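Take a look at the structure below.
Only the coordinates and a few stated rules stand behind these numbers; no lab work does. These figures come from a predicted structure and were not determined experimentally. With ideal geometry, Cβ positions are generated from the backbone for all residues, glycine too; neighbour counts draw on all protein chains shown.
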Amino acid sequence: MIKLHDTPVYLVNGNIIPATSKEAAGYSVKDKEGTMAYRILKAHNTSGNMDKLKIKFDKLTSHDITFVGIIQTARASGLKKFPIPYVLTNCHNSLCAVGGTINEDDHMFGLTCAKKYGGVYVPPHQAVIHQFAREMLAESGAMILGSDSHTRYGALGTMAVGEGGPELVKQLLSQTYDIKMPEIVGVYLKGTPAKGVGPQDVALAIIGAVFANGYVNNKVMEFVGPGVAGLSADFRIGVDVMTTETTCLSSIWQTDDEIKDFYEIHGRGGAYKELKPADVAYYDGMIEVDLSKVKPMIAMPFHPSNVYTIEEVNANLKDVLADVEERAKVSFGDKIQYSLQDKIRDGKLYVEQGIIAGCAGGGFENICAAADIPDNSFIGADEFTLSVYPASMPVYMELVKNGSVAKIIKSGGVVKTAFCGPCFGAGDTPSNNAFSIRHSTRNFPNREGSKIQNGQIASVALMDARSIAATAANKGFLTPATEWDGNFGKYKYFFDSSIYENRVFDSHGVADPSQEIKMGPNIKDWPKMPALTENLLLKVVSEIHDPVTTTDELIPSGETSSYRSNPLGLAEFTLSRKDPEYVGLAKEVQKAEKAREAVLDGNAEVKPCQALPELHEVMDVVRTRFPEANHTNFGIGSTIFAVKPGDGSAREQAASCQRVLGGWANIAHEYATKRYRSNLINWGMLPFLIKAGDLPFKRLDYIYIPGIRKAVENKESVIKAYAVSNGSLKEFELTLGDLTDEERQIILKGCLINYNAV
C-alpha cells in the first residue's frame, strides 16, 4: 500500500530513480530546482539566498480564536493598514455559547478591524476558514499563511503554511517568514481508490506510515504521479488538509484540468496555472502510495497516527481495544479508569456518535457520498447519533438542492451550519465514556471535550465520511464503506457567489482610519514582557514524559477558546487537563520575579526572597559557585520539561500562556513542530534542547543558567546550566538549535512585541 524510500530519489519523466542507482548518474541535488515547491519558494523568497529563505506571502487568513491576539499584537507595534489581503473568518467561537457576550464581541472586533485596516470579514456560520480560502483565496503558484495549523491548499496549487499568530504579525508589519530551505519529499500516487474508499482513508494510511519516524517532519510534501489524475478536486483536498498531521511544513500538488475546472466553477478561472515537476526533479525522500490497495481506515484514540484498517479492528477487537487502553495510560495515568471493552456488543464494536464536519469532512463530495449510503435506512432510536456540518453555505445550498440534506435528515441525521467545533471540543461533545467516529482532523486526548480532572473521558476515532455513513446505516456498529453494495450518485457542484457577495464584508484593500474598533470587556492587551536578563534562575514546575505532548494539553481547547482574547484569563487554563498544579506553581515563582522588577524600578514592597522564601536556600547553593549572583543580574522564572512538545494546533497561546505566567523557557528532547518552537521564540521563551537520556533535574528543582544573555548574543552552540538539587549544583548542557539573527533579537528583547516596539 505504502512504500517509503530510504534514500533520495530523482523523478525523471515521471519515473522514480533512486539517487544511489547507476541510472542516477549525471543528475545532482541541483535538480531540486525542478520541484514545484522549490520554484514557488524561490518566487516568494526575498533574501536572494535559497538556503536561508525570507518569505513574503501573498495572503493571510485567521479565525476568531486567533485574529484578536494577532491584531492586538500588530497594533501594539504600530499597524496602520493590512499590507496584503487578510481574511478574518468566524468558525471556531461561532456558537457564542460560553462567557456571555465575549464571543460575539470578538466577531465585532474583527469586523471593525477589517474596516479600519482594509481586510475581509466572514461572519459566523458562513464558512469554515479553509473552505473559504479554497473557494475565494487560493491561486496556483501562490503562498498563503494562516494562523490555523490546517492551512493547506496544496491540492489547488497553493503552498500554504499554518503558523502561530506572531508569524502573521510579522507579515502585517511587512517583515518576513524566515526558515532554512526545507527538504522536499515526493508523494507518488498510482492506481485508483476502490469504491467506498475516501480521502480520509488515504490520508490516514500516509499519516500512519510517516508520523512516528518523522519522515516528513518540517518538510514539504509534493504530490505527483499518475494516480493524481484519477482523483477529483474534493478528494485531493481531503487528503491534502490532513498532511498537517504528518508534521510536514506544507504541501503542493501537480495541477491539471480537474483543478482548472474547480477554479472555473468558483468564478476564478484566472487563478489557475498548470503546475508539474520538471522532466528531472530531485526529492529528499519519496512516499509511494498505491491507491488501489488502500482500505477503509480508522485512527483509534488518541492520535491520527494510531491507524488500522477497519477490517483489522473488527477482526481483532479485543486486542486493538486493549492496546488503546494501554496507550491511554501514558496520558491519563491512574487519574481515570478508561475502558473500551464495554463497546463490544455481540462481538461487534458499537459506536455512540458519528460526525462529518469541518475542513476535512465537510466538503461537497464527502457529504454527497455519505448521504447516498444510509438512503432509505435509519440510524435507529438507540444511543448512536449522526451530525453533518457542510463546510460553507455555498456547499450547504447545493446539498439542499440535490437532495443530500433530505436523505441525511430522513435517515435520522442532523445537518448543521459551518463550524469547526467538533474538531476541537466545542461542539457535539460525546457523553462520558462514549466512543465517537469523526471525519475531522484530530483525535488527541482532551481535544473532544474530556476533562480528566473532573472524571470525564470520551474517545474519538477518525474515519472517512463514507464509512461513518456505513456505520450509521448499520445503526452504530463499526462498518467499512466497502461493505456497502449500493452505488454512489454523480453530483455536479454549482457555486453560488451571491451568498458571499451579499454577506461577507470585503474592503477590497481600502482602509478606513476613521473606523472605531469595538472592544468588548474580555479583549485585553498583552501584559508587559521583560527582556532576557544576564543570567536566569528557573524552577521546573512541570515534567511531562509522554512521547508527544500536544498543544491541546499545553492549553486546552473547547470552552477555553472563548478566553483567547484575554491573555491573563486564558492563562488560568494552562496545562489544566495535564498538570492542574502548574498554574499555581508558576504564579508563585512569578511573584518573586515581579518583586525583583519592582526593586529595580524603586517600587519595592517586598524583596524576591520574601516573595518566595525558598529562594534563600536556593541562592545560597548558587552563590557557592557564582558569588556575584543577585537580583540585579538574574531573572526568576518557570520552565517545563516535555519530551516532545508542540504537536497539533498552531495556537500561539500554547506558548504565550506560559510566558504570561512567568515562563522563560521550555526544555525538550525535540520539538514536535516548527510552529510551536516559533511560538516560543516569538514570545521571548528559550527553546532549550537537552539530549535524550540526560535529565539531571526533576520537577520542583531549580536551574541556574549563568551568562544566558551573552550566550544568545554570541551564538554559543552549547550552554552550561546547573541543576540546584539536594543542596548542590550539578552541571549539564543545553542547546538552542538553529536561530536566525532576528529570532535571537526577539528573545533578547523579551518577545516580538518588544522587538517591534514603536
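Once label points are set 7 Å from the Cα along Cα→Cβ at both ASP257 and ASN630, what is their separation, rounded to one decimal in nm?
In this crude label model, ASP257 to ASN630 measures out at 8.1 nm.
Where does each of 49-59, 726-736 land if you order them by average Cβ count within 10 Å, highest first? The partial results should precede the final answer.
Values: 49-59: 16.6, 726-736: 14.2.
Top to bottom by mean Cβ count within 10 Å: 49-59, 726-736.
At what distance in nm do the modelled label points of ALA531 and ASP323 sit from each other, each positioned 7 Å from its Cα along Cα→Cβ?
5.4
So which lysines pass the test for LYS410, namely a Cα distance under 21 Å, with those fewer than 8 places away in the same chain ruled out?
In chain and number order, the partners are LYS401, LYS475, LYS490.
In terms of modelled amide H atoms, which long-range or inter-chain residues lie less than 5 Å from the amide H of ASP178?
Close amide H contacts, sequence-distant or interchain: ILE55.
Quick check on my link table: of LYS115/LYS749; LYS190/LYS407; LYS32/LYS276; LYS329/LYS674, which ones sit more than 25 Å apart, alpha carbon to alpha carbon? Spell out each step's value before the answer.
Values: LYS115/LYS749 32 Å; LYS190/LYS407 34 Å; LYS32/LYS276 13 Å; LYS329/LYS674 27 Å.
Beyond 25 Å between Cα atoms: LYS115/LYS749; LYS190/LYS407; LYS329/LYS674.
Over every pair of different alpha-carbon atoms in region 241-387, take the mean of 1/r and invert it; report that Kirkwood radius in Å.
Details: mean 1/r = 0.0507 Å⁻¹.
Value: 19.7 Å, from the Cα pair sum.
Can you run the Rg to Rh ratio on region 59-177? Use alpha carbon positions and the Kirkwood inverse-distance Rh. Each step should come with its number before you reach the end.
On the way: Rg = 13.5 Å, Rh = 14.2 Å.
In region 59-177, Rg relative to Rh is 0.95.
For region 300-498, what size does the Cα cloud have along each of its three principal axes, sorted from largest down, in whole Å?
Between the extreme Cα coordinates on each principal axis of region 300-498 lie 54, 35, 30 Å.
Can you give the calculated 222 nm mean residue ellipticity of the chain, where each DSSP H run of n ≥ 4 adds -39,500 (n - 2.57) and the sum is split over every residue, rounded to the nearest 500 deg cm²/dmol?
On the way: 27 runs with 227 residues, N = 758.
Calculated at 222 nm, the ellipticity per residue is -8000 deg cm²/dmol.
Ordered by residue, what ³J(HN,Hα) values in Hz, to whole numbers, does region 393-399 give under the Karplus form 6.51 cos²θ - 1.76 cosθ + 1.60, where θ = phi - 60° and Gly and Pro are x?
Values, residue by residue: 5, x, 5, 4, 4, 5, 5 Hz.
So in the chain, what percent of DSSP beta bridges are antiparallel if you round to the nearest 5? Please list the in-between numbers first.
Details: 42 of 104 bridges.
Roughly 40 percent of the beta bridges in the chain run antiparallel, per DSSP.
Determine, for ILE40, ILE206, ILE719, ILE437, the number of other Cβ atoms within 10 Å of each Cβ, and report the residues in order from fewest to most.
On the way: ILE40 23, ILE206 27, ILE719 19, ILE437 30.
The most exposed by this proxy come first: ILE719, ILE40, ILE206, ILE437.
Pull up all non-local amide H partners of LEU349: gap of 5 or more, or a different chain, and H-to-H distance under 5 Å with H placed in the peptide plane.
LEU478
Which of the pairs LYS42/LYS524; LYS52/LYS691; LYS524/LYS710 have their Cα atoms more than 28 Å apart in this structure?
Beyond 28 Å: LYS42/LYS524; LYS524/LYS710.
Would you mind putting 230-236, 342-348, 634-640 in packing order, based on average other-beta-carbon counts within 10 Å, highest first? List each step's numbers first, then the result.
Working: 230-236: 20.7, 342-348: 11.7, 634-640: 25.3.
Result, highest mean Cβ count within 10 Å first: 634-640, 230-236, 342-348.
What translational diffusion coefficient, in µm²/s and rounded to a whole number, does the Stokes-Einstein relation yield for the chain at 25 °C and a viscosity of 0.890 mPa s, taking the hydrodynamic radius as the Kirkwood radius over Cα pairs? Display every interim value, and only then the final one.
Details: Rh = 26.6 Å.
Value of D from the Cα-based Kirkwood radius: 92 µm²/s.
Short version: ³J(HN,Hα) in whole Hz for each residue of region 301-310, in order, from phi by Karplus 6.51 cos²θ - 1.76 cosθ + 1.60 (θ = phi - 60°), x for Gly and Pro, what are they?
These are the phi-based 3J(HN,Hα) values: x, 10, 7, x, 8, 7, 9, 9, 7, 4 Hz.
Can you list the equivalent-ellipsoid semi-axes of region 6-128, largest first and in whole Å, using the square root of 5 times each Cα gyration tensor eigenvalue? List each step's numbers first, then the result.
Details: eigenvalues 399, 69, 25 Å².
Largest first, region 6-128 gives 45, 19, 11 Å.
Applying the Karplus parametrisation 6.51 cos²θ - 1.76 cosθ + 1.60 with θ = phi - 60° to the phi angles of region 113-126, what ³J(HN,Hα) value in whole Hz is obtained for each residue in order, glycine and proline being reported as x?
Those phi angles translate into 6, 4, 5, 5, 9, x, x, 10, 10, 9, x, x, 6, 7 Hz.
Mind ranking 377-383, 31-37, 358-364, 397-403 by how tightly packed they are, going by the mean number of other C-beta atoms within 10 angstrom, highest first?
Numbers: 377-383: 13.7, 31-37: 21.7, 358-364: 29.9, 397-403: 17.1.
Ranked from most to least packed, the peptides come out as 358-364, 31-37, 397-403, 377-383.
Residues with amide H under 5 Å of LYS451's amide H, sequence separation 5 or more or different chain, H placed in the peptide plane at 1.01 Å from N; which?
So LYS451 has HN proximity to GLN456, ILE457.
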